[in-house]
Amino acid sequence: MDPKQAHTTLMHEKLTHKKLMHKKLLQHPNLWRAGQMGERQAQSQAGIPTGFTLLDEQLPGAGWPNAGLAELMLGSAGIGELRLLVPALHAMSQQQNRWVAWINPPFVPYAPALQAVGIDISKILLIHPRSHLDALWALERACRSGSCSSALAWLDEKKLKLKDTQRLQVAAKQGRTFTCLFRPQSACAHSSMAELRLALRAATPGQVELDILKRRGGWPLHNLVLPVAEATGTAHREAEDIQQQLILWRAFQTHSEIAHSDASLTSDAPERRPLLPFSRATRTPRMHVH
Amino acid sequence: MFWLALHFPRLPLEVCSPGDPQQAMVVLDENRVFLCNLAAQAHGIELGATLATAHSIHPGVKHKHRDLEAESQRLHALADTLYRFSGHVSVQAPDCVLLEIGGSLKLFHSHQALSEAAIDLCQTLGHQSIARVAATPWAAIALARSGRQQLEDVALSEAGLELAGVADDVVERFANMGIYTLGPLLNLPSKSLGRRFGKALLKYLAQLTGDLHDPRKARTPSSAFDQTQHLLAPICDKNDLHEHDASPMAVLARALQQWLITRQLGCERLQWQFLSHNAEKACLPVHFAKGKQSAADFMRISRLKLEQAALPEEVLSVGLSAKRLQPWAGASHGLFRSTDHASHDDASSSDLNELIDEFNARLGEGCCRGLRITPQHAPENTWQTLRAHHMSRKPAPRHAGFEAEFLQSLSKRPLWLFDPPRQVSVAELNLLHGPERIQTQWWQGSTACRDYYIAQHRLGAECWAFVDSEAQWYLHGYFG
């Protein structure tokens, strides 16, 4: 073997060795690479599956943090924030013997509907503190105690400080509680120590559009559309005939407003009123007689 | 029959709450120093001295008159606590508790072990005690009072003659005869003793030696716990009430714990009482979701409650009474519970209840509630909140047949409900599905006829809206 050839073989061997080392290094568990979002993180800390494959793929641990603070920023209330959480709440309330704490919910969580989507309502704890400080205390206590699988909270946005979110994050870690803060859209501009921040917008009925503003080990992500209604079995089709009905209703309302303003016409209104709503209802009888 | 007598030599001092141990303190009986604490002893104050003498020895000495009633109450409370060692407990006023331990020896293996356990228990309740065991009640009492091991050595002045109906001057007459202890007295011929000193002495001696039966009335333990701690100096700071181990609330909580353990009960509701100089009173009820037994639990919840409560400015006495009791239900834990990772997702039911207790204590009763479904037709009546206490105890009633059918009918219900419904203009809605007519309570006369639609609100939320017979539109919920 001539020396030149020997040299190239040696070089080649060195190179393959280097490549091997490089490959090994890439497999180190502490090394995170942007391409392997779901799989790698899933091994280190499994989350609570959200029930939406599209979202699971983008979240560290392939789900909601099972010990940590998440924030949902809502454009307006009721746009699908609960249905987004329903699969996770369903799983947690059925599998774990711990409370699901609701602190300061803005409306009444409707028990029959919650039961219908599979949430065990005997695990639900509704807490209505009188002041913001009490609410913060209750939330932190619920997180830290370890006897809540999840805690959902609606706090006073004006009084919520950055350090509060940090306390909550630490408490949630300690008590292994999925803690979820519901905040208005304006909170997107404020910084927060939550490990997951999502901004929700209403999309077409039955769907919610969301941006991931902050996640562990990933860049922000925009415009994910999730079919929340399908996941909870509450999809409604848009019926043609109702549209016509709606047009009639609108016309009726404007008409009755005119009628109310005009005293001479008020006597006509009661006769015309029942025609619209009841004609249709009698056609498709869905009377519930108990 | 085998008797254990517990003598409490410092009871008059111990009935008032232990203050600063450095503070010299004497108890006066008929204006003479009856008992003094260690600090007063160190200053050289002797028993029997007048108050003026004590003051001249140490100007800073504090005094208090002997309170026989408080002592008797405390003695009875102690007897109740000691009930755990024997079924036959009696009180020998003013300073002894008597236990028949013949039946308990097998359980405690030896009378030494039993005595030690009893002394330890009294110690945790803040009482120093001397325990002696003898074959007859009087012998045990005589030994305990004198602190001796042999009956012969017991001085007559401590033997309890006065309690057996023998006058004080008899002791003096014996002293004149050169008889100072029980030993020589027992050696004297009983006939001549009886002639000179009366039948009471003979009866006492016969009961002492066991020749005559000495029936004792067993104490029935009280079925209610109500104890009060009187403070020497008024307490103005809430923290002083509960912070350290010797604080009045902590002492009472421990007493309650012992009382409950003896009866195998758990306390569901207790009440603190704080009294001031001018009889101003503050009550502080504390509730527990499940019966509790440990002082630490009582104090943890009481502390939260105390933070919120308004107390008299100067608290002079603190009382604790157990209001609702339940048979104690212990929980079994795994031996290696703390290291068991598998059970992390399941908290024990006691932990779950503790959280409710804490919420109720800090936020007030009724701030923390659970949910329940009721079999009603009107959508706004199909849910109910219930006090979280009730929830943990009994599961919601299940109407098996009704439920499946009922839930089926609820698949198109919103997760958020408005209570009451909100008025809305139809112009803000885009109808998606409907109508569903729900007619409520026509049998009760107040007929509400509503056509429910699923609609999308202008702001994007999917909502549950209805139009009533007045053609007015309402929002009844969001699908969330």
From the residues in the stretch B:366-402 that are part of a loop (DSSP other than H, G, I, E, B), surrounded by 13 or more Cβ atoms within 10 Å (Cβ to Cβ) and more than 7 Å from chain A (Cβ to nearest Cβ), which one is modelled with the lowest pLDDT? B:399
Hey, residue B:438 modelled with pLDDT of 85 or more, facing chain A (nearest Cβ under 7 Å) and assigned to a strand (DSSP E or B) or not: no
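Limited to the stretch A:96-108, what total is found for residues that are assigned to a strand (DSSP E or B) and either touching a Pro at 6+ places or on another chain (Cβ under 9 Å) or surrounded by 22 or more Cβ atoms within 10 Å (Cβ to Cβ) (or both)?
Taking the stretch A:96-108 first, the residues assigned to a strand (DSSP E or B) are A:99-103, A:108.
Filter once more, keeping what is either touching a Pro at 6+ places or on another chain (Cβ under 9 Å) or surrounded by 22 or more Cβ atoms within 10 Å (Cβ to Cβ) (or both): A:99-103.
Result for the stretch A:96-108: 5.
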Surrounded by fewer than 21 Cβ atoms within 10 Å (Cβ to Cβ) and closer than 16 Å to residue B:416 by Cα: does that describe residue A:112? no
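Step by step: first the residues of the stretch A:187-210, then only those that are of a type in the set (Gly, Ala, Ser) and without any contact (Cβ under 8 Å) to a residue 60 or more places away in the chain, then the one that is surrounded by the most Cβ atoms within 10 Å (Cβ to Cβ). Which residue is that?
Here is the first cut: in the stretch A:187-210, the residues of a type in the set (Gly, Ala, Ser) are A:187, A:189, A:191-192, A:194, A:199, A:202-203, A:206.
From what is left, the residues that are without any contact (Cβ under 8 Å) to a residue 60 or more places away in the chain are A:189, A:191, A:203, A:206.
Working: A:189: 7, A:191: 10, A:203: 18, A:206: 23.
This residue is A:206.
Looking only at the stretch A:71-106, count how many residues are small (Gly, Ala, Ser), under 16 Å from residue A:48 (Cβ atoms) and touching a helix residue (DSSP H, G or I) at 6+ places or on another chain (Cβ under 9 Å).
Step one: filter the stretch A:71-106 for residues small (Gly, Ala, Ser), giving A:75-78, A:80, A:88, A:91, A:93, A:101.
Next, only the ones that are under 16 Å from residue A:48 (Cβ atoms) stay: A:88, A:91, A:93, A:101.
Applying the additional criterion that residues be touching a helix residue (DSSP H, G or I) at 6+ places or on another chain (Cβ under 9 Å) yields A:93, A:101.
Number satisfying all stated conditions: 2.
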Hand me the list of helices (runs of 4 or more DSSP H) wholly inside the stretch B:169-273 holding 3 or more residues that are touching a residue at least 60 places away in the same chain (Cβ under 8 Å). B:199-209, B:238-242, B:248-263
Is at least one residue of the stretch B:282-302 more than 10 Å from the chain's Cα centre (by Cα) and assigned to a loop (DSSP other than H, G, I, E, B)? no
Inside the stretch B:418-435, the number of residues satisfying the requirement of being more than 7 Å from chain A (Cβ to nearest Cβ) and closer than 24 Å to residue B:383 by Cα is 5
Output the residues belonging to the stretch B:56-95 that are over 23 Å from the mean Cα position of the chain (by Cα), in contact (Cβ under 8 Å) with a residue 60 or more places away in the chain and in a strand (DSSP E or B). B:62, B:64, B:92
Regarding the stretch B:441-464, can at least one residue be identified that is within 7 Å of another protein chain (Cβ to nearest Cβ) and at pLDDT below 80? no
Checking residue A:62 against (1) modelled with pLDDT of 75 or more; (2) surrounded by fewer than 20 Cβ atoms within 10 Å (Cβ to Cβ); (3) among the aliphatic types (A, V, I, L, M); (4) touching a Pro at 6+ places or on another chain (Cβ under 9 Å), only one condition comes out false. Which one? (2)
With (1) in contact with a strand residue (DSSP E or B) (Cβ under 9 Å, 6 or more places away or on another chain); (2) modelled with pLDDT of 80 or more; (3) within 14 Å of residue A:249 (Cβ to Cβ) as the list, and residue B:427 as the residue in question, which single condition is left unmet? (1)
Candidates A:72, A:126, A:136, filtered to the one that is in contact (Cβ under 8 Å) with a residue 12 or more places away in the chain, more than 11 Å from every other protein chain (Cβ to nearest Cβ), of a type in the set (A, V, I, L, M) and assigned to a strand (DSSP E or B): A:72
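So if I check each of A:201, A:237, which one is within 8 Å of chain B (Cβ to nearest Cβ), modelled with pLDDT under 65 and over 30 Å from residue B:447 (Cβ atoms)? Give the derivation first.
On the way: A:201 fails: modelled with pLDDT under 65.
On inspection, the qualifying residue turns out to be A:237.
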Selection from the stretch A:75-95 of residues that are buried (at least 21 other Cβ atoms within 10 Å of the Cβ) and at the interface with chain B (Cβ under 8 Å from one of its Cβ atoms): A:78, A:79, A:80, A:81, A:82, A:83, A:86
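Restricting to the stretch A:139-160, name every residue that is outside any helix (DSSP H, G or I) and more than 21 Å from residue A:106 (Cβ to Cβ).
Taking the stretch A:139-160 as the starting set, the residues that turn out to be outside any helix (DSSP H, G or I) are A:146-160.
Across the stretch A:139-160, the qualifying residues are A:146, A:147, A:149.
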Only one of (1) within 22 Å of residue B:364 (Cβ to Cβ); (2) at pLDDT 90 or above is not met by residue A:147, so which one is it? (2)
Any pair with Cβ under 7 angstrom, 6 or more apart, that starts in the stretch B:464-480 at a residue that is more than 11 Å from residue A:113 (Cβ to Cβ) and ends at one that is small (Gly, Ala, Ser) and crowded, with 17+ Cβ neighbours inside 10 Å: B:465/B:455; B:471/A:256; B:473/B:465; B:474/B:465; B:475/B:465; B:476/B:465
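Each row is one residue, and each column tells you yes or no for (1) closer than 25 Å to residue B:76 by Cβ; (2) buried (at least 16 other Cβ atoms within 10 Å of the Cβ).
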{"site": "B:265", "(1), (2)": "yes, yes"}
{"site": "B:268", "(1), (2)": "yes, yes"}
{"site": "B:274", "(1), (2)": "yes, yes"}
{"site": "B:291", "(1), (2)": "yes, yes"}
{"site": "B:299", "(1), (2)": "yes, yes"}
{"site": "B:304", "(1), (2)": "no, yes"}
{"site": "B:307", "(1), (2)": "no, no"}
Does the stretch B:33-41 include one or more residues that are at pLDDT below 85, part of a helix (DSSP H, G or I) and over 33 Å from the mean Cα position of the chain (by Cα)? yes
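The values are calculated or read from the model by the stated rules, or taken from the named source; none is laboratory data. Please read these numbers as outputs of a predicted model, since none were measured by experiment. Note that we place each Cβ from the backbone using ideal geometry, even for glycine, and neighbour counts take in every protein chain shown.
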